[in-house]
């Protein structure tokens, strides 16, 4: 199972990558939506942990682009900002969860486990 993180904060990418690997999943991380789209990750991701506020294309715009191109994987949004409009839009467009930063590690891992419907490999 590959869990992909898209967040512009290097410390968040590193910490989430470690957490995901410690839980037994494979982890990939990207600094921007554009980097993610330019990779092979959209086809190989089993779950996407996506920051709302990214430079360039936002997390919500990436969600819309993935939907348009029929790349379907569970999306968990994360944000340091309390934004009910963004939360409502993300969930309305299919996000499985919208979590505030700082993240609760146990909650995130439980959500990932539910999203992928299986134990880590």
(message) Restricting to DSSP H runs of at least four residues, report the calculated mean residue ellipticity at 222 nm for the chain, -39500 (n - 2.57) per run over all residues, nearest 500 deg cm²/dmol.
(response) -12500 deg cm²/dmol
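By counting other Cβ atoms within 10 Å of each Cβ, how are 77, 98 ranked from fewest to most?
With the sparsest Cβ surroundings first, the list reads 98, 77.
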(message) Give me the mean projected area, in nm² to one decimal, of the convex hull enclosing the Cα positions of region 1-64.
(response) 3.8 nm²
(message) If I take every Cα pair under 8 Å that is 6 or more residues apart in the chain, average their sequence separation and divide by the length, what percent do I get for the relative contact order?
(response) 25 percent
(message) If neighbour count is taken as other Cβ atoms inside 10 Å, put 38, 26 in order from fewest to most.
(response) 38, 26
(message) So if the hydrodynamic radius of the chain is defined as the Kirkwood radius over C-alpha pairs, what does Stokes-Einstein give as its diffusion coefficient at 20 °C and 1.002 mPa s, in µm² per second?
(response) 153 µm²/s
(request) Pairs of Cα atoms under 8 Å, at least six residues apart: use those to get the relative contact order of region 60-121, whole percent. (result) 33 percent
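Which of the three applies to region 48-113, rounded, prolate or oblate, going by the alpha-carbon gyration tensor with a ≥ b ≥ c and a/c under 1.5 meaning rounded?
oblate
If each residue's Cβ is checked for other Cβ atoms within 10 Å, how do 47, 73 rank with the fewest at the top?
Details: 47 24, 73 18.
With the fewest neighbours first, 47, 73 line up as 73, 47.
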(request) Starting with the highest mean, order 108-116, 87-95 by the number of other Cβ atoms within 10 Å, averaged over the residues of each peptide. (result) 108-116, 87-95
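Read the figures in this text as sums done on the coordinates, not as results from a lab. Just so it is clear, the structure is predicted and the values come from calculations on it, not from any experiment. Cβ coordinates were reconstructed from backbone atoms using ideal geometry, including for glycine residues, and neighbour counts include every protein chain displayed.
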